[in-house]
1. Is there any pair linking a residue in the range 465-492 that is within 24 Å of Ala426 (Cα to Cα) to one that is open to solvent by 20 Å² or more (accessible area, probe 1.4 Å) and not in a helix (DSSP H, G or I), with Cβ under 7 Å and at least six apart or on different chains, and which?
2. Across the range 24-47, what is the number of residues that are of a type outside the set (Asp, Glu) and open to solvent by 70 Å² or more (accessible area, probe 1.4 Å)?
3. Within the range 696-731, how many residues are closer than 21 Å to Ile853 by Cβ and among the aromatic types (Phe, Trp, Tyr)?
4. Filter the range 609-627 for residues that are assigned to a helix (DSSP H, G or I) and in contact with a helix residue (DSSP H, G or I) (Cβ under 7 Å, 6 or more places away or on another chain); which is modelled with the lowest pLDDT?
5. Whether any residue in the range 854-863 is β-branched (Val, Ile, Thr), modelled with pLDDT under 90 and closer than 25 Å to Leu727 by Cβ is what I want to check.
6. From the set of residues in the range 273-294 that are assigned to a loop (DSSP other than H, G, I, E, B) and not charged (D, E, K, R), which is most open to solvent (accessible area, probe 1.4 Å)?
7. Which of the numbered conditions does Val44 fail, given that it passes all the others? Conditions: (1) over 16 Å from Asp121 (Cβ atoms); (2) touching a Lys or Arg at 6+ places or on another chain (Cβ under 7 Å); (3) aliphatic (A, V, I, L, M).
Amino acid sequence: MSTLDNFTQTLQNNAPIPQLKQALTNLHDKLKQDFDPSRPAGPVLREKSLFIDQLLSACWRHFLQNQAHQHCLIATGGYGRNELFLHSDIDICILLDDETNEPPSQQLQEQLSAFSNFLWDIGLKPGLSIRNLNESIEQSRADQTILTNLMEIRLLSGNENLFEKLRSQLFTKDIWSSEQFFHAKLEEQEQRHEKFHGTAYNLEPNIKEGPGGLRDLHIIAWVFKHHYKSETLKELIKYGFMPESEYQDLIQARNKLWRLRFALHKLTNRCEDRLLFDHQRDLAIQFGFTTEDQGPDVESFMQFYFNTAAQIQRINEILLQLFDERFIEANNQQSSIPITKNFSSVNGYLEVSHENVFNDQPLTLLEIFLLLQQSPAFKGIRATTIRLIRKSLHLIDDAFRSNPKANQLFMEILRQPKSITKQLRAMNRYGILAAYLPAFANIVSRMQYDLFHIYTVDAHTLFVIRNLRRFSLEKHNHELPFCNTIFLLINRPDVLYITALFHDIAKGMGGNHSVLGEGIAIEFCKQHKISEHYTKLIAWLVRNHLLMSQTAQKKDLSDPAVIHDFALKVGSTEHLNYLYLLTVADIRATNPNIWNSWKDTLLKELYTATHTALHRGLHNPIRRSERLISNKKESSIELLNLGITQPTIDRCWQSLISDDYLLRYSPEEIAWHTIAIAGCTEDELPLVLLRPQNQRGSAEIFIYTKNQPTIFASCAATLDALNLTILDARINTSEENYAINSFQILEQSGEPITDLFREARICTTLREKLINTDQKPATSDRKKSRQARHFPIKTRVSFLDDPLKKHTILELITTDRAGILAIVGRAFIEKNIQLHNAKITTIGSRVEDMFYITDERANPITDSDRLSSLRNRLMELLKE
C-alpha cells in the first residue's frame, strides 16, 4: 500500500489526529537518524517534501470530497522547491476555480476551514493563502513578493488545467517586466543586508537571511527564473552565465548551508536559522571541527561558515551584474570604451582589455582599484574581470609584494580622497588584501570571542577605516562634529588608515596583539618607504591603540596626576590628535550599540585636559593647589551671579567643601549642589535630585544626607533594580559626617533618561530606600544575557597603588550580571571599608571596575591580611 493510500485510510478512522501526529514524529526521527553532517542534505529535504505531499493530498481529498478536483492545492515557496527542513513552514496556496470573484460558498468555506484546522491539529504549520485565478494575478501584479512566492509552485492535488493557467499567466511581461522585477529584488536584498549592518561577518550570523546566506542564492534563482522561466540553476551554464566549475562551487556552497540549516533545526528542535553562541560548540563537533583534545574548534568552524558566505556573496555579485548587463541593459549599446592600455569600460563597469592582462602585468591587480577611486562614475568591476582577479591571486607572491611599484600603488590607494573604504572592502572580498598583506590573511573571517566585538577581525578593521573616513566628510559632520574638527588638524590621513589596518592584525597569533602588531606595522612602513617620523607614529599608535579608552574609562579624570601621566605617555598634540580619532573610530566599529554620550564625553574630556597639559608643557603640570583655588573661585562667582549671597555660600560650604570634593566636581556641578543644599532643611533629608542630562551626556543623581555605611550598597541595588546602568560613583563625606554622593547613570540600553515620570520614580524610590534602611535591598530581575553565558570571565580582585598615596585602589574583573555593585557595597560594609570613588566599566560581558577605598580612618589599607580577607569575601559573594 502506498503512503498516500495509508494516509487516506487513516483519515477514515475515528481518531486520525494522534496517528498522523505520530507519523510526523516518526518521519522526523527517521530524518534525524538519516542526516549526516558530512553528506549532502538534499535527499532528506526531498524525503520530507514527498511525505508532506502525500499527507496534504490525502487531507485535501478527504475534506473537500467532490470539490477536490475542481480547485487546486499548490505547494509554494521553499516547499514548492522541495526544500523542507525539519521545522520549515509548509507554504501552500489554495487556488479556487471561480472566475466570477464571488466569495466561496458556505459549504466550501466550511470544508477549507476544516482542512486548515486539521493541519494545525496534527502539528503542521501551514502558511496558507486562498485566492482565485484573477486575485492571484492581480495581487502578483501589485506585490512582487506574492509573485515570487507563486513562481515556485507545484501542483499537489486538484485541477491541472487551472494550475497551468496560473503558471502561464504569472510569467507574462505585463505583470512584472524583467527590469522591474530585477530592481525590486535588488532593492529587497540591499534592505535585507542592511539589517545585518551590510556584512556576513557577524558573530551570530543568520544563515538564511544574512549576507551570503541562502536568501542570496534564492535571489539569483528568482531573477533568473523570472526571465528565462528556467527550472534549475544548472541552466545558468546553458545560458552562458557561469562555467561548470563555478556552478559546482555554487552548489557546494548551497549544500554546506543546507547541511548547517538542517543541523540547526535538529539541534534546537525549532525553526532556528541563527548560528547562536549557544549552538556553535555543538555544531563544530558535529561538523568535525575539533581540537587536539577533541574539544570543539569553534573558530575553525565559524571560518568554514564565513568562507562559504563570502563565496556566495561573490557569486551573487557576479551573477546579478551579468543579469543586469544581459537583459536589463540589453537595449543599450554595450560598446567597449578604452580607459587605459589595460582597461576598458563596458556598461559602466571596468573590464580588462584582454584576458591575459593580469598574467602579463600583475601590477594591474592593484591598479584596477586605483582607477575605480579616480573615476567615481564606474559602477564597479565587471563580473568577468572579478573572475579573472580570483584566478590570478597566485600572481601576488613575495616578488610582487616587494616590488616598489606595487608598494607605490598600494599607498596611492590609501591616499586617494574618495572611495578608500569601498575599494578596500572590494579588495578584501576578492582576496587581494589577504594576498598582498599575508598578515591580514590571518584575520580574515577570524572571530573575536567576546561580547564587545560583534564582527570578525577583518570586518571590524574595515569598519574602523570607514569611521575614520567619515571624520573627513562634511556630509557626516553632524554625527561627531568634534572628530571632524580634529581631523582637519591631521597632516597625513593615510597614517590613520595604515594604523587602522594594523591595529588588530596580530589577533590570534598568541601574545599581546598590540606589541606583535607594532612589529608587523614597522615592517610594512619600511617596505613602503614611509618616513622615519611617521613610521614611529604608526608603530606607537598600533602599540597604544587601547591607551586612551582604558584611561578614560578606568581612571579618575578629575585628578591632575592622571592627566599628567597620560600626557607624558602621549608626548605631543600630534600623537594626541591621531590617537583620539583612532580610539573613537575603533570603539564605534566594535558594536553599533556600544557608543553613547557618556563615552563620547569622557574621551572629549580626556582629550581637552591632555591638550591643555601639553600646551602648558610637561615640565609645568597643573598642580592640585591650582585646581582647588580655580574651582572654588569659579564656583563662587557662578553662585553670586545666580543671586546666592556670600553668607549662604559660606554656610553651605562648611558642610560641603573639601579638597577631594573640589577636585572631583566642576564649578557648574558645585554650584548646582550648593543651591540644592541651601534650599533644604535638616527635616527634608535625605535630599535626592536628578539632572537628566549633564555635561557628560549622562543623568546625574545627587544625594545629600547624614552618612550611613549602607548608602552606597543601597543606592547601587536600587538603581540596578530600576534597570539603570551606573557609569561613575563619587562618594564624599564632610567633616560634619554628611554624605555627598553622586552617580552618573544611563538606561541599561545606553540611552539617556528622557521621561519625567521615570525621573520622579527614580528619585522617590531612592529616597524611600535611604529613609527605610531596614528594608530588604531591592533586587533586579535582569538576568545574565544568553550570550554572556558563553564568555565566562574569571573573577579577579587586585589591589593597586594610588600614586597620591590617599587610597587603596581595588580592581574587580568579572562577568557582568545584576547586582554586582550592591554585592561590592555589602562586602565593604562587612569589612568596614570606606568607598570614596568608583569607576565603572563594562565591555561587552566583561566588568572592569575600579574602587578607591580606605580604612575607617580614611587611610590607605596597608594590612595585607585585611586586603586578603576583603578579596576572599568578594570572591565568595560573587560566586553566590
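The values are calculated or read from the model by the stated rules, or taken from the named source; none is laboratory data. Please read all numbers here as calculations on a predicted model, not as lab measurements. With ideal geometry, Cβ positions are generated from the backbone for all residues, glycine too; neighbour counts draw on all protein chains shown. Surface areas here come from the heavy atoms of the whole protein model, side chains and all, with no ligands, DNA or RNA. Shrake-Rupley method; radii C 1.70, N 1.55, O 1.52, S 1.80 Å.
1. Arg470/Glu479
2. Applying the first criterion (of a type outside the set (Asp, Glu)) to the range 24-47 yields 24-28, 30-33, 35, 37-46.
Checking which are open to solvent by 70 Å² or more (accessible area, probe 1.4 Å) leaves us with 26, 30, 33, 38-40, 43, 46.
Number satisfying all stated conditions: 8.
3. Matching residues across the range 696-731 total 1.
4. By that ranking, first place goes to Arg624.
5. no
6. Selected residue: Gln294.
7. Only one criterion is unmet by Val44, namely (2).
One line per residue, one yes/no per condition, for (1) polar (S, T, N, Q); (2) over 19 Å from Thr608 (Cα atoms); (3) under 26 Å from the mean Cα position of the chain (by Cα):
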{"residue": "Ile486", "(1), (2), (3)": "no, no, no"}
{"residue": "Tyr497", "(1), (2), (3)": "no, yes, yes"}
{"residue": "Gly508", "(1), (2), (3)": "no, yes, yes"}
{"residue": "Ile522", "(1), (2), (3)": "no, yes, no"}
{"residue": "Lys529", "(1), (2), (3)": "no, yes, no"}
